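Chemist: Before I ask anything, here is the structure I am working with.
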Amino acid sequence: MKLTIEVVTPEKIIFSGSADMVIAPAVGGDVGILPRHIPLFSRLKIGELQIKREGQTEYFAINGGFLDVKDNKVTVLTETARRSDQISEQAVLEAKERAETIMKESKTKEDFAAAEASLRRSLLELKVVRRKNRKGTETLQS
């Protein structure tokens with residue numbers, strides 16, 4: 001038995017397919033979803049979403065949102081989601097440097113908070129892309 005999963009942003013469906021397991025960054029801690037999971041609705045924090053299928057793991061950087069699990073269907077609603085193979089490490093490093101510079105030079109709390117949020121997104125995307133670059137697509141252990 002498989003899960004059906006959709007990762008949805010306001011612009012489009014980022015992923016739609018079947019999975020053996022989903023690991024999502026819930027506000028209370030990471031949650032693993034397997035087939036026949038009880039119904040669940042949870043808030044998600046900024047973090048790494050993992051979709052495990054056919055012995056492979058796909059990684060996504062998500063910007064919070066909601067997780068809905070019901071009848072072997074998992075729906076992730078998020079403002080933004082980026083698949084690891086769509087992230088440029090060089091672009092992320094540049095964004096990280098810009099955010100760090102703005103944080104050092106910021107004159108207002110608002111500028112600092114915006115730069116800090118940008119830095120958090122950059123660090124998450126860096127983690128996701130480096131995982132992909134280091135391992136390719138991770139093979140599940142039996």
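The values are calculated or read from the model by the stated rules, or taken from the named source; none is laboratory data. In this text, all values refer to a predicted model and were calculated from it rather than measured experimentally. Positions of Cβ are backbone-derived with ideal geometry, glycine not excepted, and every protein chain shown enters the neighbour counts. Note: accessible area is taken over every heavy atom of the protein model, side chains too, but ligands, DNA and RNA are not part of it. Shrake-Rupley method; radii C 1.70, N 1.55, O 1.52, S 1.80 Å.
Chemist: If you look for lysine pairs in the chain that are eight or more places apart or on different chains, how many of them have Cα atoms under 20 Å apart?
Modeler: So the count works out to 18.
Chemist: Can I ask one more? Roughly how big is segment 1-123's charge dipole about its Cα centre, with Cβ charges of +1 (Lys, Arg) and -1 (Asp, Glu), in debye to the nearest 20?
Modeler: Values: 18 positive and 19 negative charges, 64 e Å.
Computed about the Cα centre, the dipole is about 300 debye.
Chemist: Show me the three semi-axes of the equivalent ellipsoid for segment 1-127, from the C-alpha gyration tensor (sqrt of 5 times each eigenvalue), largest first, rounded to whole Å.
Modeler: 31, 15, 11
Chemist: Turning to a different aspect of this structure: Just to confirm the number: angle between the C-alpha axis of helix 89-105 and the first principal axis of the chain, 0 to 90 degrees, nearest 10?
Modeler: Value to nearest ten degrees: 50.
Chemist: Read phi for every residue in segment 42-56 and hand back ³J(HN,Hα) as whole Hz from Karplus 6.51 cos²θ - 1.76 cosθ + 1.60, θ = phi - 60°, with x for Gly and Pro.
Modeler: With coefficients 6.51, -1.76 and 1.60, one gets 9, 7, 10, 9, 4, x, 9, 9, 10, 10, 9, 7, 6, x, 10 Hz.
Chemist: Report the per residue volume, in Å³, of the convex hull enclosing the C-alpha atoms of segment 84-133. Write down the numbers at each step before the final one.
Modeler: Numbers: hull volume 2.6 nm³, N = 50.
Expressed per residue, the convex hull around the Cα atoms of segment 84-133 is 52 Å³.
Chemist: Another question about this same structure. In Å², what does the accessible area per residue of segment 1-66 work out to with a 1.4 Å probe?
Modeler: For segment 1-66, the solvent-accessible area averages 49 Å² per residue.
Chemist: Moving on to the next point. Charges only on Cβ, +1 for Lys and Arg, -1 for Asp and Glu: so what's the dipole of segment 35-91 about the Cα centre, in debye to the nearest 20?
Modeler: 260 debye
Chemist: When the dipole is taken about the Cα centre of segment 63-122, and only Lys, Arg (+1) and Asp, Glu (-1) are charged at their Cβ, what size is it in debye, to the nearest 20?
Modeler: In debye, rounded to 20, segment 63-122 gives about 120.
Chemist: Okay, moving on. Please work out how much length the chain gains when fully extended from Ala91 to Ser18, using 0.36 nm per residue of separation minus the C-alpha to C-alpha distance, in nm with one decimal.
Modeler: This chain segment gains 23.2 nm when fully extended.
Chemist: Round to a whole angstrom and tell me the spacing of the C-alpha centers of segment 1-35 and segment 87-110.
Modeler: One Cα centre to the other: 29 Å.
Chemist: Report in % the part of the accessible area of segment 67-111 that belongs to carbon and sulfur, leaving out ligands and nucleic acids; probe 1.4 Å. Don't skip to the answer; put the middle values down first.
Modeler: Details: 1400 of 3060 Å².
In segment 67-111, the share of accessible area belonging to carbon and sulfur is 46 percent.
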